[in-house]
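Visitor: Before I ask anything, let me first share the structure, which is written out below as structure tokens.
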Amino acid sequence: MSPCCWASCRLFFCSSEHFLTSAGWASICCRSTRCWWYFLLVGDVFGLPQVETSRWGGLMLTLVISIVGMAAAFPLGILLALGRRSQLPIIRAVCVVFIEFWRGIPLITVLFMSSVMLPLFLPEGMNFNKLLRALIGVALFEAAYMAEVVRGGLQAIPKGQYEAAAALGLGYWRMMGLIILPQALKLVIPGIVNTFIALFKDTTLVIIIGLFDLLGSIHSAATDPKWLGYATEGYVFAALVFWMFCFAMSRYSQALERRLDTGHSKR
Amino acid sequence: MPATPTSLSPEAVTESIDSMLKATTTPPSPPASRLTVSAQVMIQMIDVNKWYGQFHVLKDINLTVRKGERIVICGPSGSGKSTLIRCINRLEEHQRGRIIVDGTELTNNLKHIEHVRREIGMVFQHFNLFPHLKVLDNCMLAPIWVRKLPRAQAEEMAMHYLKRVKIPEQAQKYPGQLSGGQQQRVAIARSLCMNPRIMLFDEPTSALDPEMIKEVLDTMVGLAEEGMTMLCVTHEMGFARTVANRVIFMDGGEIMEENEPTEFFNNPRSERTKLFLSQILHH
Ligand SMILES: Nc1ncnc2c1ncn2[C@@H]1O[C@H](COP(=O)(O)OP(=O)(O)O)[C@@H](O)[C@H]1O
Ligand SMILES: [Mg+2]
């Protein structure tokens with residue numbers, strides 16, 4: 001088990017009583033097996049018809065893209081941040097190039113490339129799922145932002161913490177996973193949530209590759225003659241839903257900060 | 001040739017802990033002065049040189065520390081005391097010469113470095129406790145993740161050492177909720193939980209208020225009385241007089257003088273030592 005990912009999971013999912021036990025892992029596994037909604041979405045079980053991902057839409061699509069995006073971008077961002085501070089020049093160079101590349105291009109370009117350009121380079125007949133391509137694009141794009149947020153946290157950890165961990169005989173991954181990352185991530189919770197909120201709202205851009213998220217559905221409904229004249233209500237409703245989710249994330253992050261507060265920064 | 005580090009088997013660790021726990025119930029050990037120093041060499045530094053860029057911090061350091069020896073290192077600020085003891089557990093890298101700790105030479109071999117660090121406890125000026133973990137978890141972390149002790153045993157050992165430094169009641173608090181003296185005692189307990197064979201102290205009382213210095217020094221004296229091999233950078237001359245076998249005076253990256261405490265304080269050989277002693281003893 002990688003202590004690094006363990007620590008980050010611990011920070012975001014487990015209560016502190018789970019620390020240093022395998023119970024923390026068990027609870028994470030438990031949570032991730034609650035994927036019943038996946039079967040509801042995809043269908044093809046219990047006599048439900050199979051639903052192609054290209055026909056997914058609405059709020060569920062928004063949630064799928066943002067949750068998968070966050071879940072993938074977070075650990076990847078941590079690895080990139082660690083890589084950018086690595087002593088090994090090759091790893092550092094790779095991470096810097098990756099981060100600077102993905103941070104430098106607009107998300108629309110990423111989505112457009114993934115859905116229009118990428119198939120041109122792939123061999124004939126090899127054509128993987130549009131949603132999956134968009135998900136990978138979003139995840140890589142957000143990972144670059146996440147990496148810089150996490151790096152900010154890493155830089156705020158005093159040298160003494162590294163030295164104390166090293167002096168106890170902890171190796172690199174244990175030092176990072178048990179000592180440095182838990183503190184660094186806690187420091188940058190506001191920045192992480194900021195990135196998550198931005199990601200959540202950015203998912204609306206998938207409309208340009210023909211995926212209909214919440215806003216996209218409303219947009220297309222507004223052009224439907226049967227719903228003529230209700231566009232304002234639709235957009236206001238979408239705004240409300242987005243605001244609710246973002247506000248919930250913001251409140252959650254505040255609660256998390258309070259819960260993880262151990263009193264050392266307040267003196 | 002560097003000896004291959006022998007990783008301790010869990011049984012061996014368990015045994016050593018058991019014997020240690022028993023040892024505390026046996027009659028108190030004799031006072032420090034009567035303890036004999038064994039012939040076994042724990043640390044050997046041969047012609048060690050270190051540079052920070054162009055700056056020559058350590059110049060031809062030769063030092064041999066035997067098992068059970070208690071060495072106090074003093075000298076003016078910037079003379080390289082911290083650098084010297086940090087080289088011993090490779091928090092700093094030396095560029096020339098050899099450092100051999102308990103049979104293992106410090107080279108770029110990460111395995112050897114981690115092996116040596118497991119056997120050396122270090123106490124820092126600014127405690128460097130892990131602020132996100134409770135006192136108990138601070139102490140249990142390394143035994144669990146480095147020594148691979150079962151949780152229950154690590155907890156037992158942590159509580160044992162927290163009792164030794166006289167703060168078992170603080171086990172469930174976070175470091176940020178303790179006073180400086182208490183934090184430094186936790187830091188000592190945290191190091192002891194790894195059953196180190198050598199303890200390094202880098203000005204452990206310099207960041208403390210005067211009324212807290214005594215509690216930390218008492219803990220260190222207790223440790224010395226049990227025969228721990230210790231290297232202390234400190235300006236607590238009372239501690240040096242009563243506890244040290246040898247006092248080392250450093251200046252400008254060199255060991256200027258090395259003597260037993262009474263001789264060192266009563267008949268300092270070099271002018272530089274006399275000046276330094278007069279500065280710290282008369283204020
Ligand atoms: N990381 C570093 N880079 C450059 N110079 C350093 C570094 N650490 C210490 N020094 C210099 O090395 C000298 C010795 O430092 P140090 O061992 O901390 O002294 P002491 O502990 O005796 O006060 C000082 O002059 C200090 O400025
Ligand atoms: Mg110093």
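Visitor: Considering B:Gly68, B:Gly80, B:Gly103, B:Gly75, which residue is touching a residue at least 12 places away in the same chain (Cβ under 8 Å), buried (at least 19 other Cβ atoms within 10 Å of the Cβ) and more than 16 Å from ligand 1 (Cβ to nearest atom)?
Guide: B:Gly68
Visitor: Another question about this same structure. Can you tell me how many residues in the range A:171-219 are over 21 Å from B:Lys111 (Cα atoms), of a type in the set (Gly, Ala, Ser) and within 14 Å of chain B (Cβ to nearest Cβ)?
Guide: 1
Visitor: For the range A:205-217, state whether one or more residues are part of a helix (DSSP H, G or I), among the hydroxyl-bearing types (Ser, Thr, Tyr) and out of contact with any Gly (no Cβ under 7 Å at 6 or more places or on another chain).
Guide: no
Visitor: Would you mention how many residues in the range A:212-264 are touching a residue at least 12 places away in the same chain (Cβ under 8 Å) and of a type in the set (Val, Ile, Thr)?
Guide: 2
Visitor: Turning to a different aspect of this structure: Condition test on A:Phe200, is it in a helix (DSSP H, G or I) and buried (at least 19 other Cβ atoms within 10 Å of the Cβ)?
Guide: Values: in a helix (DSSP H, G or I): yes; buried (at least 19 other Cβ atoms within 10 Å of the Cβ): yes.
For A:Phe200, the condition - in a helix (DSSP H, G or I) and buried (at least 19 other Cβ atoms within 10 Å of the Cβ) - is met.
Visitor: When you look at A:Phe247, is it at pLDDT 90 or above and either aromatic (Phe, Trp, Tyr) or at negative phi (or both), yes or no?
Guide: Against the criterion (at pLDDT 90 or above and either aromatic (Phe, Trp, Tyr) or at negative phi (or both)), A:Phe247 qualifies.
Visitor: Could you list all residues from the range B:128-151 that are crowded, with 24+ Cβ neighbours inside 10 Å and more than 8 Å from every other protein chain (Cβ to nearest Cβ)?
Guide: Once the filter is applied, which keeps residues that are crowded, with 24+ Cβ neighbours inside 10 Å and more than 8 Å from every other protein chain (Cβ to nearest Cβ), the range B:128-151 yields B:Val135, B:Asn138, B:Cys139, B:Pro143.
Visitor: Within the group B:Gly222, B:Gly252, B:Gly176, which residue is under 14 Å from the mean Cα position of the chain (by Cα) and surrounded by fewer than 18 Cβ atoms within 10 Å (Cβ to Cβ)?
Guide: B:Gly222
Quick grid of which residues meet (1) at pLDDT 95 or above; (2) at negative phi; (3) more than 17 Å from the chain's Cα centre (by Cα):
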{"position": "A:Ser66", "(1), (2), (3)": "no, yes, no"}
{"position": "A:Ala71", "(1), (2), (3)": "no, yes, no"}
{"position": "A:Leu76", "(1), (2), (3)": "yes, yes, no"}
{"position": "A:Leu79", "(1), (2), (3)": "yes, yes, no"}
{"position": "A:Leu88", "(1), (2), (3)": "no, yes, yes"}
{"position": "A:Val96", "(1), (2), (3)": "yes, yes, yes"}
{"position": "A:Trp102", "(1), (2), (3)": "no, yes, no"}
{"position": "A:Ile105", "(1), (2), (3)": "no, yes, yes"}
{"position": "A:Val110", "(1), (2), (3)": "no, yes, no"}
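Visitor: If a residue has to be among the aliphatic types (A, V, I, L, M), exposed (fewer than 12 other Cβ atoms within 10 Å of the Cβ) and under 20 Å from A:Met70 (Cβ atoms) to count, how many in the range A:231-250 make the cut?
Guide: The qualifying residues number 2.
Visitor: With B:Glu92, B:Glu119, B:Glu105 as the choices, which residue is of a type outside the set (Val, Ile, Thr) and within 16 Å of ligand 2 (Cβ to nearest atom)?
Guide: The conditions single out B:Glu92.
Visitor: Are any residues in the range A:149-170 assigned to a loop (DSSP other than H, G, I, E, B), among the small types (Gly, Ala, Ser) and at the interface with chain B (Cβ under 8 Å from one of its Cβ atoms), and if so, which ones?
Guide: First pass over the range A:149-170, keeping only residues assigned to a loop (DSSP other than H, G, I, E, B): A:156-158, A:168-170.
Remaining after also requiring among the small types (Gly, Ala, Ser): A:156, A:169.
Of everything in the range A:149-170, just one residue is assigned to a loop (DSSP other than H, G, I, E, B), among the small types (Gly, Ala, Ser) and at the interface with chain B (Cβ under 8 Å from one of its Cβ atoms), namely A:Gly169.
Visitor: Hey, does the range A:124-134 have a residue that's surrounded by 14 or more Cβ atoms within 10 Å (Cβ to Cβ), in a helix (DSSP H, G or I), among the charged types (D, E, K, R) and modelled with pLDDT of 90 or more? So that I can check it myself, show each step before the final result.
Guide: Let us first name the residues in the range A:124-134 that are surrounded by 14 or more Cβ atoms within 10 Å (Cβ to Cβ), namely A:130-131, A:133-134.
Pick out the ones that are also in a helix (DSSP H, G or I) and you get A:130-131, A:133-134.
Checking the rest, the ones that are also among the charged types (D, E, K, R) come to A:130, A:133.
If we keep only those that are modelled with pLDDT of 90 or more as well, we get none.
No, the range A:124-134 contains no residue that is surrounded by 14 or more Cβ atoms within 10 Å (Cβ to Cβ), in a helix (DSSP H, G or I), among the charged types (D, E, K, R) and modelled with pLDDT of 90 or more.
Visitor: Only one residue in B:Cys193, B:Cys232 is in contact (Cβ under 8 Å) with a residue 24 or more places away in the chain, touching a strand residue (DSSP E or B) at 6+ places or on another chain (Cβ under 7 Å) and under 30 Å from B:Ile144 (Cα atoms). Which one?
Guide: Just one listed residue meets the conditions, B:Cys232.
Visitor: Hey, another quick one. Condition first: more than 13 Å from every other protein chain (Cβ to nearest Cβ), within 19 Å of the chain's Cα centre (by Cα) and modelled with pLDDT under 95. Can you find one or more residues in the range B:115-122 that meet it?
Guide: Looking for residues that are more than 13 Å from every other protein chain (Cβ to nearest Cβ), within 19 Å of the chain's Cα centre (by Cα) and modelled with pLDDT under 95, one finds none in the range B:115-122, hence no.
The values are calculated or read from the model by the stated rules, or taken from the named source; none is laboratory data. Keep in mind it's a predicted model, so treat the numbers as computed, not measured. Positions of Cβ are generated from backbone atoms using ideal geometry, with glycine treated the same way; all protein chains shown enter the neighbour counts.
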